[in-house]
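As structure tokens, the structure follows; a few thoughts come after it.
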């Protein structure tokens, strides 16, 4: 695909205006930064003096954030609580003028939150010391499930694509309905723990760990095994295409009626943080499909976008301009 960078760049030029519904788990990613100057007397742990806190959209919320950065028009469908974390997720969306009509505000719901603590010496580099997760014990009662289903059915009217972003908090499992898939040209699933539960979509984007788990094999190191299992999984899930993201090994695409395509990683030696990279890949891949790309073209563009965001700390986004510049560098052999 390196030699086709100009064609790929022309596709990216067409990014903009795709109406994409994202149904999934809305999470708050919270980052606490500070300096560790001494060890606690209470336990052998550093005392962190907090000096900066950053709130960012996580999981499905990060996919939505990435879609907007690419010029698409995202419409989220999900749940947040009425506590401060839920209000912060809504604030992040409302500040960017997203349509939040598909987000239910539920007092009984604890907004899933991932708090990461980074610290180091006063003037030295910081490293992650801990991650505190909350909001994992929510229960979706029949009333909430019914409301979510009605909200999703209304949201996909006139949509160009539908993304299910499943991080195991229950929303996707509750609302997934194969009959809905006929209402949109493109449908995609990113499922952290239950990939094979969902069938009949256009495509899916598991990472290698999720792929191996879905296949029931200990690893996918052998390319022949990878290709056999990839095609088998694609057929089992009744997908038009399956895109497996493989970290430093790039991506592998399995498309109906075609030979597997293996894409090399872009900028592997500059990886800083893979947090949220899968959300960027999904958002870019679907946006490219909406812009008329073939599956392999969309995969190559998404591969490039993923290579950009892993060079940044935390959940990150990229833009069509950055992708086009990276494609030009890739085509010239500079990446």
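Laboratory data are not the source of any read-out in this text; all were calculated from the coordinates shown. Computed from a prediction, not measured in an experiment: that's the story for all the values here. Ideal geometry is used to build each Cβ from the backbone, glycine not excepted, and the neighbour counts take in all protein chains shown.
Quick one: 103, 64, fewest Cβ neighbours within 10 Å first, how do they rank?
Going from least to most buried by this count: 103, 64.
May I ask for the Rg/Rh ratio of segment 1-94, computed from Cα atoms with Rh as the Kirkwood radius, given to two decimals?
1.20
Sticking with the crude label model, points 7 Å out along Cα→Cβ, report the distance from residue 130 to residue 108 in nm, one decimal please.
3.2 nm
Taking only DSSP H segments of four or more residues, each worth -39500 (n - 2.57), what value at 222 nm results for the chain once the sum is divided by all its residues, to the nearest 500 deg cm²/dmol?
Here the helix-only value at 222 nm equals -10500 deg cm²/dmol.
Please say if segment 88-134 is rounded, prolate or oblate, where rounded means a/c under 1.5 for a ≥ b ≥ c the square roots of the C-alpha gyration tensor eigenvalues, and otherwise the choice is prolate for a/b larger than b/c and oblate otherwise?
It is oblate, given that a/c is not under 1.5 and a/b is not larger than b/c.
Springs between alpha-carbon pairs under 10 angstrom, Gaussian network model over the chain: which of 180, 67, 90 fluctuates most?
Sorting by GNM fluctuation, first place goes to 180.
Shape call for segment 283-335 from the C-alpha gyration tensor, a ≥ b ≥ c root eigenvalues: rounded (a/c under 1.5), prolate (a/b greater than b/c) or oblate?
Oblate, because a/c is 1.5 or more while a/b does not exceed b/c.
Order of 89, 45, 186 from fewest to most other C-beta atoms within 10 Å?
Least crowded to most crowded, the residues run 45, 186, 89.
Can you put 167, 33 in order of Cβ neighbours within 10 angstrom, beginning with the fewest?
With the sparsest Cβ surroundings first, the list reads 33, 167.
Would you mind telling me the antiparallel percentage of the DSSP bridges in the chain, rounded to 5?
Roughly 45 percent of the DSSP beta bridges within the chain come out antiparallel.
So what's the projected area for the chain, the Cα convex hull averaged over all directions, in nm²?
Reported value for the Cα convex hull: 18.3 nm².
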